[in-house]
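Structure record follows, encoded as structure tokens.
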Amino acid sequence: MRRDGTGGAVPSSGSGKPSEGTEGDRPHAYRPSDEERRRILDQLPVPVAYFGRDRLLALANRAAAESVARPAESLVGLLPGEVEPGLFMEGGKGLVEAIERVLRTGQGEPYETHLVMEGSEHILQAAMSPVRNAAGEVEGVSVVTLDTTDQFWARRRLALLNKASMRIGSTLDVGRTAEELAELAVEDFADFVTVDLLSEVVAGDEARSVLHRDSISFHRAAQCSVLEGCPESIVAVGETHAYDSDSVVGRTLIRGEPARMVLDEVALRRWTTIEPVRSQSMRDHKIHSVMVVPLRARGVILGTTLFCRHRTPGAFGAADLQLAAELVSRAAVCVDNARRYTRERATALALQRSLLPRRAARQRAVEVTARYLPNTDGAGIGGDWFDVVPLSGARVALVVGDVVGHGLHASATMGRLRTAVRTLADVDLAPDELLTQLDDLALTLDREQPADGPEGGQVAGATCLYAVYDPATGHCTMARAGHPEPVLTRPGGSAEQLRLPPGPPLGVGGLPFESAEFELPENSRLALYTDGLIESAGRDTGQALAELRDLLGRPAHSLDEVCDTVMETLVPEHANDDVALLLARTRRLDADHYASWDLPSDPAVVADARRRVAAQLAAWGLDDAVFTTELVVSELVTNAIRYGGDPIRLRLIRDTALICEVFDGSSTAPHLRRARMFDEGGRGLLLVASLTERWGTRYNGTGKAIWAEQPLTGVEDPGPA
């Protein structure tokens with residue numbers, strides 16, 4: 001008889017076979033012999049080992065022996081580090097310390113180690129549990145080991161891909177996206193990474209097929225290493241290079257499938273045959289394992305990524321290749337998105353720059369300098385614009401505007417509004433009347449867009465400031481449509497913000513615009529700008545305006561210096577909106593360029609007007625223009641006396657052209673017509689139009705002015721804007 005675990009008697013047959021006795025209705029449990037226990041232990045599919053208090057291996061099942069490829073009997077009596085030096089990290093030191101802790105505390109704990117078997121890495125997790133005797137004392141430690149390689153790689157892949165989703169594609173910049181891919185791979189499983197993109201991809205164009213190319217041209221977009229600074233590479237970041245179509249990388253790209261290789265002598269010899277320079281670089285840096293993964297997005301090859309190991313002893317495995325392929329696949333989509341954005345941005349920028357002034361306006365009323373800076377935060381090119389429009393009478397119009405929104409639509413809208421401003425300015429509309437007409441145009445453009453379309457309602461929201469400066473009188477008339485007010489810097493250095501009547505943004509409709517007139521001293525500086533200059537995240541607009549006034553009031557040698565100082569100080573490194581700045585220094589017409597006479601409403605004064613004009617032209621050295629100018633003055637003064645009214649004034653201006661103006665008190669508009677053979681009149685304006693380069697009519701508060709321009713030889717071309 002023997003005792004069961006509760007102290008009860010259990011019949012024993014002595015043969016180790018099941019007993020036929022029962023206890024109530026429940027049969028007695030079968031107790032295997034020591035030999036059967038050993039056989040059961042050997043047949044367990046997981047490695048099991050037992051270490052005694054002396055830290056020596058006392059028992060190991062068959063699975064444990066097979067995991068280290070040694071007979072079980074030869075393992076008995078060995079220390080953990082002697083079982084297999086490559087089995088446990090640090091030669092078994094970590095396992096010894098863990099066993100000692102379990103023996104000392106009597107508490108089980110987990111243990112993880114990495115094992116390289118047959119060229120592949122395995123991750124083993126061990127559960128260590130104390131083994132106690134009948135008295136409850138710890139006699140040893142049992143170690144049950146599980147191969148968790150698949151689970152490990154699954155967790156690692158998910159963690160890396162989660163990290164990639166947060167770090168790769170943080171900007172819409174192709175180069176930065178490539179850098180993020182390289183940096184992330186080096187942190188996790190590679191020692192050296194290069195990212196090469198097809199040259200057309202970097203430019204934002206569609207990638208061409210790599211098939212049927214003898215040589216594939218690439219742009220080195222990024223490279224990163226575990227070492228401080230990248231190892232010396234035969235290609236630097238930003239350089240262009242090529243892979244032969246028969247090279248390892250070329251064949252991988254043509255197949256479109258990722259590949260890995262161990263760079264033994266055979267592989268290096270093949271690499272040397274086609275690309276000897278790269279092969280020698282790999283030898284010099286002791287690169288022993290490489291993965292080539294094409295960057296493919298939406299079925300198109302964009303580039304290639306090389307993952308190399310030179311410091312990590314183990315070669316890349318199948319799990320590494322799968323992980324790299326998924327990582328590159330996600331990065332490729334981000335690269336393609338950045339490429340598309342680059343193309344759209346380049347198109348919008350080219351469109352916008354083509355719509356901005358390309359050459360300086362032919363005028364001498366103001367000295368002008370301008371700056372335009374597109375935003376850099378990824379929102380796309382906006383609709384900011386500026387313009388300088390020469391007007392009749394040597395006057396000039398200064399315009400700054402801003403279309404709300406970004407992208408091609410905003411640039412196209414800006415171009416339409418700028419063209420409209422030039423057209424309306426050419427008919428000499430007053431600033432408030434011009435903005436009214438521009439507001440109607442914005443409403444028309446808005447109605448042309450479908451309300452439920454992606455671009456519906458984007459036109460409404462443009463702002464504009466329109467100013468007209470007359471160098472003969474020094475008067476400047478301004479009106480604004482929802483735009484920031486300009487800043488005037490007087491010759492003494494005091495800067496002030498000019499207060500203009502408020503006006504609604506263009507496209508609102510139904511509200512009037514008002515003009516304000518100011519007298520600007522000679523050598524004053526007038527600054528017109530868009531809201532991007534003073535509005536940015538984290539900065540108070542009032543403080544920015546105060547800083548702008550301070551910067552404009554500082555002494556400077558040139559307008560360019562003032563513009564550069566303002567832009568460098570107020571515009572952040574990553575501007576979130578376009579910025580346009582137009583700076584104009586006023587000039588005044590002196591006696592060498594301007595003459596004016598008040599005339600009575602008497603036909604006899606026509607001859608006197610011709611004599612005065614002839615004398616003035618002779619004083620200016622323009623004798624060749626006397627005959628033509630006398631005819632023009634005679635016709636215009638006669639028309640003013642006959643059809644106009646007091647006050648009549650004749651003005652002569654020598655600017656980029658010779659300008660003759662006659663003012664009268666009537667608002668009737670003259671019309672050019674072809675006189676019939678027997679008509680006694682009607683040929684005056686036709687004669688003026690034939691003798692001059694251009695002519696026109698503009699209205700003011702007391703009447704109108706008819707003007708005509710003759711070209712002057714020797715006037716300098718202002719050149720590019």
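Testing Val688 on (1) at pLDDT below 90; (2) open to solvent by 10 Å² or more (accessible area, probe 1.4 Å); (3) in contact with a strand residue (DSSP E or B) (Cβ under 8 Å, 6 or more places away or on another chain), one condition comes back false. Which one is that?
Result: Val688 passes all but (2).
I'm told Asp387 meets every condition in (1) at pLDDT 90 or above; (2) surrounded by 24 or more Cβ atoms within 10 Å (Cβ to Cβ); (3) acidic (Asp, Glu) except one. Can you identify the failing condition by its number?
The failed condition is (2).
Cβ contacts < 9 Å: first residue under 30 Å from Ser170 (Cβ atoms) and assigned to a loop (DSSP other than H, G, I, E, B), restricted to region 361-376; second residue among the polar types (S, T, N, Q) and open to solvent by 20 Å² or more (accessible area, probe 1.4 Å), any location; separation 6+ or different chain. Result?
Within 9 Å, the pairs are Asn375/Asn576; Thr376/Asn576.
Pull out all pairs, ordered by first then second residue, where Cβ-Cβ is under 6 Å, the residues are six or more apart or on different chains, the first lies in region 560-579 and is touching a residue at least 40 places away in the same chain (Cβ under 8 Å) and of a type in the set (Phe, Trp, Tyr), and the second is surrounded by 14 or more Cβ atoms within 10 Å (Cβ to Cβ) and in a loop (DSSP other than H, G, I, E, B).
Final answer for the pair search is none.
Quick check on Ser634: is it open to solvent by 50 Å² or more (accessible area, probe 1.4 Å), touching a helix residue (DSSP H, G or I) at 6+ places or on another chain (Cβ under 6 Å) and more than 30 Å from Pro374 (Cβ to Cβ)?
Values: open to solvent by 50 Å² or more (accessible area, probe 1.4 Å): no; touching a helix residue (DSSP H, G or I) at 6+ places or on another chain (Cβ under 6 Å): yes; more than 30 Å from Pro374 (Cβ to Cβ): yes.
Criteria not met by Ser634.
Inside region 30-110, counting only helices (runs of 4 or more DSSP H) that do not spill past its ends, which hold 2 or more residues that are at pLDDT 80 or above and within 56 Å of the chain's Cα centre (by Cα)?
Once the helices (runs of 4 or more DSSP H) in region 30-110 are filtered for at least 2 residues that are at pLDDT 80 or above and within 56 Å of the chain's Cα centre (by Cα), what remains is 93-105.
Given the options Arg283, Arg296, Arg270, Arg260, name the one that is open to solvent by 50 Å² or more (accessible area, probe 1.4 Å), in a helix (DSSP H, G or I), in contact with a helix residue (DSSP H, G or I) (Cβ under 8 Å, 6 or more places away or on another chain) and at pLDDT 70 or above.
Only one candidate qualifies: Arg283.
Would it be correct to say that Glu73 is of a type in the set (Asp, Glu) and either in contact (Cβ under 8 Å) with a residue 12 or more places away in the chain or surrounded by 14 or more Cβ atoms within 10 Å (Cβ to Cβ) (or both)?
no
Quick check on region 175-205: of everything there that is in a helix (DSSP H, G or I) and out of contact with any strand residue (DSSP E or B) (no Cβ under 7 Å at 6 or more places or on another chain), which residue is most open to solvent (accessible area, probe 1.4 Å)?
Going through the qualifying residues, I end up with Glu187.
Residues Thr369, Thr419: which one is open to solvent by 10 Å² or more (accessible area, probe 1.4 Å) and over 21 Å from Leu533 (Cα atoms)?
On the way: Thr369 fails: over 21 Å from Leu533 (Cα atoms).
Criteria check complete, one pass: Thr419.
List pairs: first in region 140-164 and touching a residue at least 12 places away in the same chain (Cβ under 8 Å), second among the acidic types (Asp, Glu) and open to solvent by less than 20 Å² (accessible area, probe 1.4 Å), Cβ under 6 Å, 6+ apart or cross-chain?
Matching pairs, first to second residue: none at all.
The values are calculated or read from the model by the stated rules, or taken from the named source; none is laboratory data. Fair warning: this is a prediction, and the values are worked out from it, not measured in the lab. Methodologically, a virtual Cβ is constructed for each residue, glycine included, from the backbone with ideal geometry; neighbour enumeration extends over all protein chains shown. Areas reflect the complete protein model, heavy atoms only, side chains present, ligands, DNA and RNA absent. Shrake-Rupley method; radii C 1.70, N 1.55, O 1.52, S 1.80 Å.
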